[in-house]
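Reviewing the structure listed below.
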Amino acid sequence: MIQPRDDVALMEGYHSPQVDVAVRLNTNESPEAPPEGWSRDLAAAVASVDWHRYPDRAALALRSAIGELHGVGPEQIFVANGSNEVLQTVMLTYGGAGRTAAVWEPTYALHSHISRIAGTSVAEGERADDLSIDMDEVRRVIRGSRPAVSFLCSPNNPTGIVDDESIVRATLAEVEAVDGLLVVDEAYGQFAPWSAVGMIDADTPLVVTRTFSKTWSMAAARLGYLVGPAQIVSELEKVVLPYHLDALKQIAGCLALGHLEDMNARVDRLVAERDRMGAALAELPVQIWPSGANFILFRPLGMDGASVWKGLVERSVLVRNFSSMPRLGGCLRVTVGTPAEDDAFLTALKEVLA
Ligand SMILES: *Cc1c(COP(=O)(O)O)cnc(C)c1O
């Protein structure tokens, strides 16, 4: 049988088990369904789609609406099927054979995975012991490997740590010095106190990615985007498949932007709930990291992470198991859910740790 490319044969796929449990707090989805008005409007819109025609290839209405949200024009917005497809398009455009991407671990696994799939070498730097970005290490990796693309993730998945503006600025200066591109993945940007979107400028090699999967309660829709210089957006448009964004998804995104207040209220509820959960975890024998996202990373003390994960599953609570990952030994990550889901998690965790 034909074998895949040598490098693909050696790769592991992306694993995030979908287990059937009552309380699913493992993939950082929104615990709330989208606003009812959105679902109603979308159902009505299905009837108006010209299904025998290709969708608007430029997705202009959607890009204009997203641009308005960020105070930029549609020429600065690139949209795709989830921000993972945005990242893939960035790597197909700016990565590839003979080029390098830089990441600082532990971070979102797809940054290095997508880079490798696009044929890009990956330079892996380390974060500091407290899992924050270490600028000496950023300088060492960028000056040593001269990456075409460097990734920051703020708030970082799976740690929840927000990079200060000074970190993003200092990294950008290093990236500019090697003629590279800085990608700041802000999948959880709305939960954080600041955003790098304000730093975007026509002459600055910086793009920021966002998604509708988390804040916008639309993980099933698969919609994500990038804000960046118009010149970069037009290069990405050359690479992505024509008509990649179907007509209904374009409408779904536009309609969602009409419910901004509702979405912001969800963010406020989740942030309050995250802080309540953080305070409750602080009372238990676990180590926790400060989170600017809709999840919390924690490490049970005196008990191994895999057993705690299993004990939670037995109580019908699913969290993400990072316990065997390098640098995250024993760690688990819990998504902030509804107050009832979070109480179920906290009760189960107390039982398991007792
Ligand atoms: C969830 C996530 C994404 C991807 O989400 P999509 O559903 O593909 O938009 C991207 N980056 C990070 C850090 C994430 O956690």
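Efficiency by 1/(1 + (r/R0)^6): what FRET value for ALA354 and ASP7, r their Cβ-Cβ distance, R0 = 51 Å, to the nearest 0.05?
For R0 = 51 Å, the calculated efficiency reads 0.65.
Just need the relative contact order of the chain here, percent rounded to a whole number, with Cα pairs under 8 Å and 6+ apart.
Over the chain, the number comes to 22 percent.
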Global geometry of the chain, whether rounded, prolate or oblate, following the gyration tensor of its Cα atoms and the 1.5 cut on a/c: oblate
For segment 187-194, Karplus couplings with θ = phi - 60° (6.51, -1.76, 1.60), whole Hz, Gly/Pro x: 4, 10, x, 5, 8, 9, x, 8
Added length on full extension, which subtracts the Cα-Cα distance from 0.36 nm per residue, GLU261 to SER234: 6.6 nm
Sorted by Cβ density within 10 Å, fewest first, the residues MET1, MET303: MET1, MET303
Given charges at Cβ of Lys, Arg, Asp, Glu: segment 36-259 dipole, positive-most of GLY125, LEU181, ILE232: ILE232
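Could you give the dipole magnitude of the chain about its Cα centre, charging the beta-carbon of Lys and Arg +1 and that of Asp and Glu -1, in debye to the nearest 20?
Values: 30 positive and 46 negative charges, 128 e Å.
My answer is approximately 620 debye.
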For segment 36-259, with +1 on Lys and Arg beta carbons and -1 on Asp and Glu, the positive-most of MET199, ASN81, GLY71 along the dipole: ASN81
Under 18 Å from the ARG146 label point (7 Å along Cα→beta-carbon), backbone N, segment 94-114: 94-103
Fewest-first sequence of LEU255, LEU332 by Cβ atoms within 10 Å of each Cβ: LEU255, LEU332
Tail weight of P(r) past 26 Å, computed on alpha-carbon pairs of segment 1-145, percent: 52 percent
³J(HN,Hα) computed for each position of segment 263-272 - Karplus, 6.51 cos²θ - 1.76 cosθ + 1.60, integer Hz, glycine/proline x: 5, 5, 5, 4, 4, 4, 4, 5, 5, 4
Whichever aspartates and glutamates have a C-alpha closer than 15 Å to that of LYS238, once near sequence neighbours (fewer than 8 apart) are set aside: GLU75, GLU85
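Test of understanding: what is the full-extension gain from ASP56 to ASP179, defined as 0.36 nm times their sequence separation minus their Cα-Cα distance?
Details: separation 123, 0.36 × 123 = 44.28 nm, distance 3.38 nm.
Full extension from ASP56 to ASP179 adds 40.9 nm.
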Distant-in-sequence amide H partners of GLY125 (H built 1.01 Å from N, under 5 Å): VAL103, TRP104, GLU105
Sorted by Cβ density within 10 Å, fewest first, the residues THR338, THR347: THR347, THR338
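How do the peptides 312-318, 94-100 rank, highest first, by the average count of neighbouring beta carbon atoms within 10 Å per residue? Kindly include the intermediate steps, with their values, before the conclusion.
Details: 312-318: 18.9, 94-100: 16.9.
Packing proxy ranking, top to bottom: 312-318, 94-100.
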Cβ-derived FRET efficiency at R0 51 Å, ASP136 paired with SER307, nearest 0.05: 0.90
For LEU206, residues with placed amide H under 5 Å, excluding near neighbours: LEU182, ASP201
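Each value in this text was obtained by applying a stated rule to the coordinates, not by laboratory testing. A quick note: this is a predicted structure, and the numbers were derived from the prediction, not measured. Neighbour counts are summed over all protein chains in view; Cβ atoms, including those assigned to glycine, are modelled from backbone coordinates with ideal geometry.
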